[in-house]
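Structure, as structure tokens:
Readers should treat all values here as calculations from the given coordinates under stated rules, not as data from a laboratory. Worth saying up front: this structure is predicted, and the values here are computed from it rather than measured. Because the Cβ atoms are built from the backbone with ideal geometry, glycine has one as well, and the counts that use them run over all protein chains shown.
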């Protein structure tokens, strides 16, 4: 069995086995998500499911490292991701218990990103333009990488609004990046994303509607941060002609949802960190979709973004331009139809 398949299986099994204990811990320690006017669930639900995702990912990486080993550079990058990801989990866990202010969470995310970038030298040194030429970031490499890490962390966090949504979207994005990494022979990226997908899928068994547990910020920030870090760590950024477009497309749905949330809040004159009921999943519920229908539709949209990302790596520049044009037109139509850029009521 390939190394990435081992990583997926190990993460899946550990996440599945760990989740009942996490549910018990949440109930005993009061880590419960109470319903309110903005949320769609009707009774308190345990909310530190991210611990099970973290346990599955960590177990898989340790298992693969022991069974197959990593070379020096791979080991350094992997340790950097584990250390920074663990800081994000600690921050999310604290928020799930104490409900930290948005500015405190942002500061913590910046600190975790700084650890990965400065202590372990994981950064975006260059991108490629559509002609395949390299554009070196030089002095902008560190701030650009930290912006990428913090930005992606929050995109997944903000989309975590329906049972199974964030975990499913993150799993689809992980599979997308894994397939492209295998095509480009970036084995470390394939292993890391396989482990992340396995952990998310294991959690999804307990999180799909009706959810027995929520991932909380512990899980959503961890998934976002790891997807961002992995895409930088393993040279996916150097794929000819598309640079960081691959992970951007793989996470196209949460990125767009976050972008329009910012636009919506600015237009409405409210702070961009203030929660609202204008996200895509809220709009779908408002037009008559059930929770399951809305989530499944968003899975399909995420999968289409993923297929577009895969296609971009295998076609000519002309066909890639057509794909991008079609995606942009579809986005504009969807935004106008659902009104997700308009201030929420």
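Overview of values
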| quantity | calculated |
| --- | --- |
| Quarter of the Cα convex hull surface for the stretch 1-90, i.e. its orientation-mean projected area (nm²) | 7.5 |
| Distance from the stretch 214-235 to the stretch 160-176 (C-alpha centre basis), Å | 11 |
| Two-site label geometry, residue 185 and residue 62: point separation in nm, points 7 Å out along Cα→Cβ | 3.3 |
| Ascending count of other beta-carbon atoms within 10 Å, so fewest first, for 231, 86 | 86, 231 |
| Ascending count of other beta-carbon atoms within 10 Å, so fewest first, for 225, 68, 289, 203 | 68, 289, 225, 203 |
| Fewest-first ranking of 6, 24, 148, using other Cβ atoms within 10 Å as the exposure measure | 24, 6, 148 |
| Helical contribution to [θ] at 222 nm, DSSP H n ≥ 4, -39,500 (n - 2.57), averaged over the chain, rounded to 500 | -23000 deg cm²/dmol |
| Rg/Rh (Cα only; Kirkwood hydrodynamic radius) as it applies to the stretch 132-193 | 1.07 |
| The stretch 103-213: relative contact order in percent, alpha carbon pairs under 8 Å with at least 6 residues between | 20 |
